[in-house]
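The values are calculated or read from the model by the stated rules, or taken from the named source; none is laboratory data. This is a predicted model, so every value here is computed, not measured. Glycine gets a Cβ as well: all are built from the backbone with ideal geometry, and neighbour counts include every protein chain shown. Heavy atoms of the whole protein, side chains included, go into the accessibility calculation; ligands, DNA and RNA do not. Shrake-Rupley method; radii C 1.70, N 1.55, O 1.52, S 1.80 Å.
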Amino acid sequence: MPQILIRRFNRAGKSQISIFNDKNSMSGLTLENIDKNFGSVVAVCDVNLLLPDGQFVCFLGPSGCGKTTLLRLIAGLEKPSRGRILLDEEDITHIPAHKRNFGMVFQSLALFPHLTVGENVTYSLRVRKTGKTARRQRARELLDLVKLSGLIDRHISQLSGGQRQRVAMARALAIEPRLFLLDEPLSALDAKLREDMQLELRMLQQRLAVTTILVTHDQREAMTMSDLVVVMGPDNRVHQMGSPLEIYRNPADTFVADFIGTSNLLDGTCSGPRDVTVGGARLEISEMPDGMIPDTKVTVSVRPEEVHVLPGTEEGANRLHGSVSFVRDVGSSVEIYLDCNGLQIVSQSTPKGRPAVRQGDQATAVLPASACVVLRS
Amino acid sequence: MIGEKPKGLRAHLTLTYPALMLGIFFIVPFGLMAAVSFFHRQPGGFYIPGFELTNYKNLYTALFGRTLVFSLFVAGLSAAVCVSIGFPFTYFITRMKRRAQVVWLVLLMSVLSLSEVIVGFAWSLLLSRTAGLSNLFVWLGLMERAVAWYPGFMALLFGICYLAFPYTVLVLYPPLSRLDPALPEAAQTLGASPIRTFFTVVVGSLRNAIVAAFVMVFVFTLGAYLLPQILGRPRHWTLSVLITDAAIYQTNMPLSAAMAIFFMFVSLVLVALTMMIGKRKRIKTV
Ligand SMILES: Nc1ncnc2c1ncn2[C@@H]1O[C@H](COP(=O)(O)OP(=O)(O)OP(=O)(O)O)[C@@H](O)[C@H]1O
Ligand SMILES: [Mg+2]
């Protein structure tokens, strides 16, 4: 039985290879050492990914980090400058887009303006020379799937933004795609509609069990919808890949920690096998990355909701002292900003667990050992 | 109400200038011509004002009918040739890098700076037997012996298309460069080969632009006057030649005016029909 290599990223962001003997994990999409340059512009740099079948994957990253380019490489609309793309172990790097059978929803939707809704949806069937009645039947089914029944004879210009979105999805699903690719399809919708569509898209994906890749720069969207998140950074590389929770709890580096949610990023130095000194205070750490020798410069990432604030000055490990510089009460949560000798620490708590401090008070921030994630600076 | 009035007045004022120009340079000459077409011809002289349909009755000749049909045929054929070559050509230009696009467009526009006379005589030379391109082909071993490609119908068609081609590209360039590049890409992800994509999506979504370009070249070529005489045989002469002939050599102004008016009427009907077909197709697609 062939051995499957699955690349995972450890905390230091280095790829680490684990070996599985699972036949099922063979199927999926593999990107090997993918580079893409446009002249001197590096759009995508050294990407290695294995995306298992049936998953909902999000490519997440700031603008210009190469998400669209990576998606286009997968779709076959762009040729990689280096590297290979494999689908179920078959090399598809040089197979043109129209032979890949990957459904794609474009950022601009790219609906055909000269065709009706029904004709747009069944364009792929017309290309495959399916008969007219069969096409109309299939158009009805697909429009039912995306809840647009009855609009089959409308023109594209007569649709609302949300309806166009659905038509684009139905059109891409008409080919029964091996992969369903979406490039920020929801970014043009207003917040309420976007949330509805997110939910619907997720349910649709689960119903059809189609491997889906969604490109987004909205971390909330990525975290709430996906099985796997691929975080890309401004250096056009993949920084981390993992489940949303894993990425949130264990960011691979300072970029991920900062980009996903908010995080207290505290500069410090390694002072022992399980100790880091931050701003004169000693932090005990439950899990240290490998190869940390004393005096290594590190960054400690702690999520605001993990930080407890106690009134007054309390001595002990994992405690930083400072004054409350600001209290922000947004109703559903309370944020307390502490100034600990120049270090800014934010703590977030529920209104119930609100610590009894006010602006200007002396207070102690407790950073639990298990919540401190140490990252190389 | 009161507040709106000056606005309307000012809006009208800005329109007076174009209206004036249109009146002086288009409507008045056209009106004169329309009037003359009903005047009475004085043999040996000019014409005297009157109202008679004789001139229109005199149009009913085999020569006029044949020439009219031929003119429309040449215009339609050159429009078809120009658009069917110009459309893919412009599409490829718009897919190029910005710099290359500019080079191509400048090159095409430079053709426009040549006068019709120069183009006509240049092609008559290049297509001739004695000094033409066929000599070059003979020299290259591609042909047995030099031949005359001129005068003749193909030479005429070639010359007209050469002149009309840059205009075709100019008319097609804006809509093609505005075409969302994701449209053909979407078609490809849906399984359409590049050629199929071109015909179903690029041509399909730009049908209006294609009809507009066709009508433009058609109208542009209808007035061809010099090229038929330079590159064609007498039987390839168009209606413009016939009209000029009647007006100047036969000093029959009323007849030539009637010819022109009738010609224009037929052309307008054809253009309207073409546009209607273009529109209907867009609505009736299932
Ligand atoms: N066709 C192209 N020619 C030249 N450079 C390109 C091309 N396409 C993308 N780039 C460059 O590659 C980089 C990545 O672009 P890409 O569109 O993939 O970013 P993105 O992550 O999708 O950004 P956004 O969130 O803004 O859509 C950018 O610096 C961009 O300028
Ligand atoms: Mg993008």
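Data table
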| item | result |
| --- | --- |
| Residues located in the range A:177-194, provided they are free of Cβ contacts under 8 Å to residues at least 60 places away in the same chain and more than 17 Å from the chain's Cα centre (by Cα) | A:A188, A:L189, A:D190, A:A191, A:K192, A:L193 |
| Test: residue in the range A:145-152 that is away from ligand 1 (no atom under 15 Å from the Cβ), of a type in the set (D, E, K, R) and closer than 24 Å to A:M197 by Cα | yes |
| The range B:98-156, residues that are among the hydroxyl-bearing types (S, T, Y) and in contact (Cβ under 8 Å) with a residue 60 or more places away in the chain | B:S124, B:Y150 |
| Boolean, A:G76 is away from ligand 2 (no atom under 16 Å from the Cβ), surrounded by 20 or more Cβ atoms within 10 Å (Cβ to Cβ) and on the phi > 0 side of the Ramachandran plot | yes |
| Out of B:Y150, B:Y173, sole residue that is open to solvent by 30 Å² or more (accessible area, probe 1.4 Å), hydroxyl-bearing (S, T, Y) and closer than 17 Å to B:S124 by Cα | B:Y150 |
| Positions within the range B:117-150 being part of a loop (DSSP other than H, G, I, E, B), polar (S, T, N, Q) and over 24 Å from B:Y225 (Cβ atoms), in sequence order | B:T130 |
| Subset of the range A:185-224 [open to solvent by less than 20 Å² (accessible area, probe 1.4 Å), assigned to a loop (DSSP other than H, G, I, E, B) and at pLDDT 90 or above] | A:V210 |
| Given (1) open to solvent by less than 50 Å² (accessible area, probe 1.4 Å); (2) within 15 Å of ligand 2 (Cβ to nearest atom); (3) more than 10 Å from chain B (Cβ to nearest Cβ), number of the condition A:S63 does not satisfy | (1) |
| Count of the range A:348-365 residues which are assigned to a strand (DSSP E or B) and under 11 Å from A:L310 (Cα atoms) | 4 |
| Any hit, the range A:245-262, residues being part of a loop (DSSP other than H, G, I, E, B), away from chain B (no Cβ under 14 Å) and within 16 Å of ligand 2 (Cβ to nearest atom) | no |
| Residue, nearest to the chain's Cα centre (by Cα), within the range A:87-133, restricted to residues that are within 16 Å of ligand 2 (Cβ to nearest atom) and either surrounded by fewer than 18 Cβ atoms within 10 Å (Cβ to Cβ) or part of a helix (DSSP H, G or I) (or both) | A:Q107 |
| Any hit, the range A:233-243, residues being assigned to a helix (DSSP H, G or I) and either at pLDDT 90 or above or at positive phi (or both) | no |
| Residues (surrounded by 14 or more Cβ atoms within 10 Å (Cβ to Cβ) and among the hydrophobic types (A, V, I, L, M, F, W, C)) located in the range A:291-335 | A:M292, A:V298, A:V300, A:V302, A:V307, A:V309, A:L310, A:L320, A:V324, A:V327, A:V334 |
| Any hit, the range B:208-222, residues being within 30 Å of A:S108 (Cα to Cα), crowded, with 19+ Cβ neighbours inside 10 Å and touching a Pro at 6+ places or on another chain (Cβ under 8 Å) | yes |
| Subset of the range A:190-214 (residues that are within 16 Å of ligand 2 (Cβ to nearest atom) and more than 15 Å from A:Q55 (Cβ to Cβ)) | none |
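One line per residue, one yes/no per condition, for (1) in contact with a helix residue (DSSP H, G or I) (Cβ under 9 Å, 6 or more places away or on another chain); (2) farther than 30 Å from A:Q165 by Cα:
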| position | (1), (2) |
| --- | --- |
| A:M225 | yes, no |
| A:V231 | yes, no |
| A:D235 | yes, yes |
| A:M241 | yes, no |
| A:D258 | no, yes |
| A:G272 | no, yes |
| A:V276 | no, yes |
